[in-house]
Amino acid sequence: MTRGIVVCPQPRAADVGRDVLAKGGTAFDAAIAAAFAQMITDPFMCGIGGMGTLQYFRAGDGAHGMIDFHTRAGSKVAPDMWQGQGTGRSDISGYSLFDDYRSELGYTAIMTPGTVAGFAEAHRTLCSRPLSELLEPAIRIARDGYPLPHHVRDFWTRTPMLGVPDGMTRLKTSKACADIYLTSDGDFWKVGDIIRNPDYADTLETISREGADSFYTGTIAERIAADFAANGAYVTAADLAAYRTRPGQPLLGSYRGFTVASNPPPGSGAVLIQMLQILEHFDLGALHHGSAEHIDLVARAMGFTHDDRERWLADPEFVDVPTDALLSPARAAEHAERIKAGERAPQRDDAPYSSTTHLSVYDEDGNAVSVTHTLGTGCGVVTPGLGFVWNNSMKLADPRPGRVNSFAPGKARTTGMVPTLLLKDGKVRMVVGALGGSVIISAVLQTILNIVDFAMSPVEAVTLPRIHHEGGAIHAEARVQESVVRDLEAMGHQVDHSPISFNPVMARSHVIWIDDEGRWRGGADPRSGA
């Protein structure tokens, strides 16, 4: 009997979540088990060396909250330590660039990780099954092996953007990483080759037996701290011991009669909600989907909101983020009037890049989880004997002092992650999120619009051609019609028309929709190529 639904990019992880539901587990149990399976089968997008943000709704008592577990800069960083030493920022996603890749690869790229603490907090707060039971599938997959997915090899072998290292350089950053993810001949594994990672299995077994404390203050932490101290990391044993999650409430907005709940800063929930509240001033459903008029409106709403994001979004423990202003109907109305007057956001040079992963889960009792978690793109460091890749969150902090995202000990960097729920009459109606850098926001936005304004099925909503805009060019997939591109250019837009029909850099949205009769359906983005 079907007891719920799990939607994510990794089919084997979805199978793990489904099995937990079939055995009587809740959406929360399924989410924990599936998330750890994602970490094994998609090891450069997510893992226990990373970070994330989780939104939950518990139907029995209406409990609704967030568990944020962002990475934080180590205590050895200083705001001016890299000032003037970089070569700029990447055209795509604004990564800081250095000739020696210090913010992208190696120990200097690592921030204090939150993933183990975050999922442990979710387990303690929400779950009904023992942690050891929920980690067992991931442990088994790591130990027995799994066929290398196409999208993992594609990440390793694709041509990188200017200033970013290629996959071979990334995998060879540490010997322990190369020993796992390269063949004995030093080549990439082929799609379908069986990848085994017994060290990762051992690490997860220790966590399942000793709890999250083993990672932050116990036996695992001792090995991490020694490795970091010997190799120039900015994260110390004290940073690990001091790490705490940020439980709290989601930000709330509204759209077409739905309550929209998404994550607080340094996540981008306020940005998504602002986009929706701007577009509520327009009758999108009366337009032809994919027309120049439709794309023009959506793109300009994206552009104005990303301008606000660039100026104000940061870690609220270090910067006064005007969240109430970003969410205010007055701010949305102001932007809507500017759109009606024909204005556009200031020009910026940026675009999406694929990283991160997402998981949406819903069960028959009405419980829901939307969780996005990530390594960035993985710094290529594996602590010997532990098996997992570390995050490279430092590349998304600003090496210039005096900026909202400048380095500071203990400070989290901003993220495009937006795990989101739509609710009506006290019940969850949509569970949605995406993976793919700053373009996550665009993917989730268009998924919501496609279902709410255009009455699409979840599969249609995540499959139709997609755009992304942050104030520079409109990035459009190949399936956006050439005639529409010409019309947009005639309106004054610059359009970057991709030759790829299902372009993975357009982010990958994963959604569950619950209709008026309580029936649920899911849509997994075909751009994942999993």
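According to the square roots a ≥ b ≥ c of the eigenvalues of the Cα gyration tensor, what is the shape class of segment 1-58, taking rounded for a/c under 1.5, prolate for a/b larger than b/c otherwise, and oblate for the remainder? Before the final figure, lay out each step's value.
Working: a/c = 2.43, a/b = 1.50, b/c = 1.62.
Judged from the Cα gyration tensor, segment 1-58 comes out oblate (a/c at least 1.5, b/c at or above a/b).
Of all DSSP-defined beta bridges confined to segment 449-530, some 70% are antiparallel rather than parallel.
With N as its number of residues, segment 58-141 has a Cα radius of gyration that, divided by 2.2 N^0.38 Å, comes to 1.61.
Hey, which of these cross-link pairs are over 22 Å Cα-Cα: Lys175/Lys411; Lys76/Lys395; Lys23/Lys424?
Values: Lys175/Lys411 30 Å; Lys76/Lys395 16 Å; Lys23/Lys424 29 Å.
Checking Cα-Cα distances, Lys175/Lys411; Lys23/Lys424 exceed 22 Å.
What shape does segment 327-455 take by its C-alpha gyration tensor, where a ≥ b ≥ c are the square roots of the eigenvalues and a/c under 1.5 counts as rounded, a/b above b/c as prolate, and the rest as oblate? Judged from the Cα gyration tensor, segment 327-455 comes out oblate (a/c at least 1.5, b/c at or above a/b).
For every helix of n ≥ 4 consecutive DSSP H residues, a contribution of -39,500 (n - 2.57) applies; sum these over the chain, divide by its total residues, and give [θ] at 222 nm rounded to the nearest 500 deg cm²/dmol. Don't jump to the answer; show the numbers that get you there.
Values: 18 runs with 185 residues, N = 530.
Value at 222 nm, helices only, nearest 500: -10500 deg cm²/dmol.
Heavy-atom surface analysis with a 1.4 Å probe gives the chain a carbon and sulfur content of 50 percent of its accessible area. Taken over segment 352-405, the alpha-carbon convex hull comes to 158 cubic angstrom per residue. Mean projected area of the Cα convex hull of segment 193-273, taken over all directions, amounts to 9.6 nm². For the chain, a simple Cβ point-charge model (Lys and Arg +1, Asp and Glu -1, everything else neutral) yields a dipole of about 400 debye relative to the Cα centre.
Determine the per residue accessible area of the chain with all protein chains present and a 1.4 angstrom probe, expressed in square angstrom. Numbers along the way, then the final one.
Working: 18430 Å² over 530 residues.
Computed with neighbouring chains in place, this is 35 Å² per residue.
Within segment 136-295, the percentage of alpha carbon pairs spaced more than 28 angstrom apart rounds to 55%. Solvent exposure of Phe228, expressed as accessible area, is near 0 Å², computed with a probe of 1.4 Å over the protein chains only. So what is log10(I(q)/I(0)) for segment 73-216 at q = 0.10, 0.13, 0.20 1/Å, when the Debye sum runs over its Cα atoms only? Taking Cα atoms of segment 73-216 as identical point scatterers yields -0.50, -0.82, -1.24.
Using bins of 10 Å that start at zero, the share of Cα-Cα pairs per bin across segment 445-504 amounts to 23, 46, 31, 1, in whole %.
The alpha carbon convex hull volume per residue for segment 1-101 rounds to 158 Å³. Using only the alpha-carbon atoms of the chain as identical scatterers, what base-10 log of I(q)/I(0) does the Debye formula give at q = 0.11 Å⁻¹? Cα-only, vacuum Debye calculation for the chain: -0.90.
Averaging Cα coordinates gives a centre for segment 225-290 and one for segment 168-211; these two points are 30 Å apart. Positive-end ranking of Ala330, Ala478, Val428 along the dipole of the chain, with charges on Cβ about the Cα centre, is headed by Val428.
Taking 0.36 nm per residue of separation and subtracting the current Cα-Cα distance, fully stretching the chain between Thr2 and Asp154 would add 51.4 nm. Shown here: segment 402-503, whose C-alpha atoms stretch 50, 43, 23 Å along the first, second and third principal axes, sorted largest to smallest. Dimensions of segment 268-401 along the principal axes, based on C-alpha atoms and rounded to the nearest Å, stand at 59, 49, 30, largest first.
The values are calculated or read from the model by the stated rules, or taken from the named source; none is laboratory data. Here the structure is a predicted model, which means the values were calculated and not measured. In this analysis, Cβ positions are derived from the backbone assuming ideal geometry, glycine residues included, and neighbour counts consider all displayed protein chains. Side chains are part of the model used for accessible areas, which takes the heavy atoms of the whole protein and leaves out ligands, DNA and RNA. Shrake-Rupley method; radii C 1.70, N 1.55, O 1.52, S 1.80 Å.
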